[in-house]
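So the structure is just underneath, and the comments pick up after that.
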Amino acid sequence: MRKNHLSCLFLIAAFAVGLFLSGCSGSSDILKEVSGQWENAQDNATIEIDLAGDAKSIKLGDRAYTVSVDKIVMDRYQVNLKVKNGSGQPELWTLRQIWDDNGNGFKLAFQNGSESKTLLPKG
């Protein structure tokens, strides 16, 4: 009886460690997943997002912004960014993955300042 109890505790601990490790790797994966060329669904403008490398940036049209990752909220598939936009204080922008029903692809909800955009994968 005691052996079954210990086996059960071991399995629970192993599952918890696996869950923790998969959550840790997910934070860098989301930065790679959202990086690339996107198209604004409202006006078809191209938005380039580079969060996978060391020099993180977002390019809107012909204007590039230096960004830093403020926080990753994995349970919401969201990346919060601090953006240097030329004013004294960095602005908070967010990117949130909106996954398809089948889980094979996603679009991005992009909020920069008071503007909200839906971004579709380009290419």
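All conditions in (1) at pLDDT 95 or above; (2) touching a strand residue (DSSP E or B) at 6+ places or on another chain (Cβ under 6 Å); (3) among the hydrophobic types (A, V, I, L, M, F, W, C) hold for Val73, with the sole exception of (2). Considering each residue of the stretch 92-109 in turn, at least one proves to be surrounded by fewer than 17 Cβ atoms within 10 Å (Cβ to Cβ), under 14 Å from the mean Cα position of the chain (by Cα) and touching a residue at least 60 places away in the same chain (Cβ under 8 Å). The numbered conditions (1) over 16 Å from the mean Cα position of the chain (by Cα); (2) closer than 20 Å to Lys122 by Cα; (3) modelled with pLDDT under 95 are all true for Lys59 except (3).
Yes/no per residue for (1) modelled with pLDDT under 90; (2) within 16 Å of Glu39 (Cα to Cα):
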residue: Val79; (1), (2): no, no
residue: Lys84; (1), (2): yes, no
residue: Gly88; (1), (2): yes, no
residue: Trp93; (1), (2): no, no
residue: Arg96; (1), (2): no, yes
residue: Asn104; (1), (2): no, no
residue: Lys107; (1), (2): no, yes
residue: Gln111; (1), (2): no, yes
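Scanning the stretch 29-67 for residues that are surrounded by fewer than 18 Cβ atoms within 10 Å (Cβ to Cβ), in a loop (DSSP other than H, G, I, E, B) and not small (Gly, Ala, Ser) gives Gln42, Asp43, Asn44, Asp54, Asp62.
The values are calculated or read from the model by the stated rules, or taken from the named source; none is laboratory data. It should be emphasised that the depicted structure is a prediction, and the values quoted were computed from it without experimental measurement. Please note: Cβ atoms are built from the backbone with ideal geometry, for glycine as well, and neighbour counts cover all protein chains shown.
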